[in-house]
Amino acid sequence: MEQKVLIIGIDGATWDIINPLLKKGMLPHIDSLIKEGTSAHLESFEPYISPSIWTSIASGKSPSKHGVKDFFTATSQTVQCKRIWDILEEKGMRIGLWEVMPTWPPRKINGFLIPDLLSRTEETFPPSLQFIKEMAFGEKMERKRKLTQYFSYLTNSCKLGLSFASFLGIVYYLLYEKFRKMSNLEKFFRKRSIKLEMDSEFFSHLYKKYKPDFAFFYTNFVDAVSHSFWKYFEPEKFKDVSIIGIRKFKNYIQLAYIEADKSLKKIIQNIDNDTLVIVLSDHGFKAVETYLWKGYTIKTEVLLNRLELWDYVSPANIGSSAFLRVREDDVELRKKVISRLKEVKLLETGKEAFVVSEDKLGYIVVRVNRTKIEPEHCHILFPTKGECKYGELIEELGGRVSGTHDKYGILIMKGKHIKKGKTLLKASVFDIVPTILYLLGFPIAQDMDGKVITEAINLSFLNNNPIQYIPSYETPMQESEPEKAEITEEIKKRLRALGYI
């Protein structure tokens, strides 16, 4: 294999944060990749649902073709097309995947596979790496573990490349948490920072051990921090942000990018000059749209349970809108969902509580119908489930979640056929797979929705290697009904923490 590929996915990264940090010299490894390669704004698509977008990045296809449309049913069994690693593995290449969405349940692979953050179980491939998911699951579920289990985790972690500095950092955090009072926000940041540090060291070790021809590392650290800390980063766009909070947390988003840059160094330090390196994000980030007026978001889990629709609808809160997808392709059920939503009223005025519409991708879009009555004096009336206080169903934006997804993510490409120091206006999330296939000498599938990013590629290579096409990489055998995954309380808990329900 002449050229290898390494993708580093930084969920939620935006140039709006990166560029000022680059000017201050605080992201040296990202800066080096930019100077040695080509960078661009990476255009995403609404609704900005991460599993759906990452599957488009990995397949070059739209959700209508790949089948991943929400958080709750996003599994490897939901994916209805081949992703780039499937195509390359069939050509004899070794693969390494770290928490890429969606890769649970894992399959036997020519390499290693640590499934994504929405995993329902602790399986990995090979099974000897399962302790990685066991540690993560234990932390999220707040499980009590025996001292011998901690010792086993430590032993396995050291064998997998955990550095002495990282070990000391973990010990320091555990002691600090035990003997000093920490806010939930500080715990939130520190735990995820430690996880990123460990993940990058584990991945680096596995990369050296398995020597994959194609590898994909994913982290949601920047995304998670941006959701929770944005109001401290841009307090002028929010009401009632505490001065103490601003002083303490104003720089935490920038710190997340600095931590990501340090992890980048660990991941790329062992690659050779023939490796095509791609750093990208599935979308950007911005403040939720409160600005000079109060913005509101819907507690979709509460709403759907009240309307007895939870078993039929998958929700995703993005900013002030709730995007609902009817799980079964049933026209009558869709009409029923819309009808029930419109029957929810404001008790004091009799007006509909929500503005309900449908978008071109088939989502039911729900927004709060603004009222002149102060929310604390409002009540919501349900057609069959009585009434509730406004705040039980609708909350002000900028409280639990203050940052939301934006249209443009980042793209950086570096490799021997990539132009140096080139900046493009934009590329699309659908363009990544066609570009990789072309640079590896393989044809592009005509049923993919993206194109080769020729503006980033050296002219000499383009002239000597015309783009070839085939109808598809799919086979009729793959056109099967995807299996349904159980929607567990653990999955709901993780999505609640990020404000998606």
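The values are calculated or read from the model by the stated rules, or taken from the named source; none is laboratory data. Model, not experiment: these values are computed from the prediction. Methodologically, a virtual Cβ is constructed for each residue, glycine included, from the backbone with ideal geometry; neighbour enumeration extends over all protein chains shown. Quick note on the areas: whole protein, heavy atoms, side chains included, nothing else; ligands and nucleic acids left out. Shrake-Rupley method; radii C 1.70, N 1.55, O 1.52, S 1.80 Å.
Odds and ends about this structure:
- When only Cα pairs below 8 angstrom with a gap of at least 6 residues are kept, the chain shows a relative contact order of 27 percent.
- Share of carbon and sulfur in the accessible heavy-atom surface of the chain [1.4 Å probe, %]: 52
- For residue 135, the solvent-accessible surface computed with a 1.4 Å probe is close to 40 Å², ligands and nucleic acids excluded.
- When all protein chains stay in place and ligands, DNA and RNA are ignored, the 1.4 Å accessible-area order of 360, 108, 209, largest first, is 360, 108, 209.
- Put a dot 7 Å past the Cα of residue 31, heading toward its Cβ, do the same for residue 467, and the two dots end up 3.5 nm apart.
- Per residue value of the accessible surface for region 89-246 (all protein chains in place, 1.4 Å probe), Å²: 48
- Three-way shape label, region 205-359, alpha-carbon gyration tensor, a/c 1.5: oblate
- The listed peptides 158-165, 75-82, 389-396, 282-289, ordered by packing as a protection proxy, come out as 282-289, 75-82, 389-396, 158-165 (highest mean of other Cβ atoms within 10 Å first).
- Remark: for residue pairs 187/407; 211/422; 61/426; 414/451; 159/266, the C-alpha separation exceeds 21 Å in 187/407; 211/422.
- Region 62-67 - phi-based ³J(HN,Hα) in whole Hz, Karplus 6.51/-1.76/1.60, Gly and Pro as x: 6, x, 5, 9, 8, x
- Those residues of region 191-234 whose amide nitrogen sits under 15 Å from the label point placed on residue 270, 7 Å along Cα→Cβ: 198-217
- Cα centre as origin, Lys/Arg/Asp/Glu Cβ charges: region 354-425 dipole, Debye: 1000
- Basic side chains Lys and Arg get +1 at the Cβ, acidic Asp and Glu get -1 at the Cβ, and with that the dipole of the chain about its Cα centre reaches some 1460 debye.
- When the convex hull of its Cα atoms is viewed from all sides, region 1-139 shows a mean projected area of 10.4 nm².
- Paramagnetic reach from residue 234 in region 1-22 [backbone N under 11 Å; point 7 Å along Cα→Cβ]: 16-17
- Helix-derived mean residue ellipticity, 222 nm - over the chain, DSSP H n ≥ 4, -39500 (n - 2.57), to 500: -11500 deg cm²/dmol
- Calculated Rg and Dmax of region 116-266 using C-alpha coordinates, Å: 17.0, 51
- Sorting the segments 56-62, 366-372 by their mean number of nearby beta carbons within 10 angstrom, highest to lowest, gives 56-62, 366-372.
- Around the amide H of residue 354, modelled in the peptide plane, lie the amide H atoms of 369, all under 5 Å away and 5 or more residues distant in sequence or on another chain.
- In order along region 38-55, the phi-based Karplus estimate (6.51 cos²θ - 1.76 cosθ + 1.60, θ = phi - 60°) of 3J(HN,Hα) comes to 10, 10, 6, 6, 9, 6, 9, 9, 7, x, 7, 9, 3, x, 5, 5, 5, 5 Hz; Gly and Pro are listed as x.
- Given charges at Cβ of Lys, Arg, Asp, Glu: the chain dipole, positive-most of 235, 466, 271: 235
- The H on the amide N of residue 112, modeled in the peptide plane, is under 5 Å from the matching H of 95, 96, 97, each at least 5 residues off or on a different chain.
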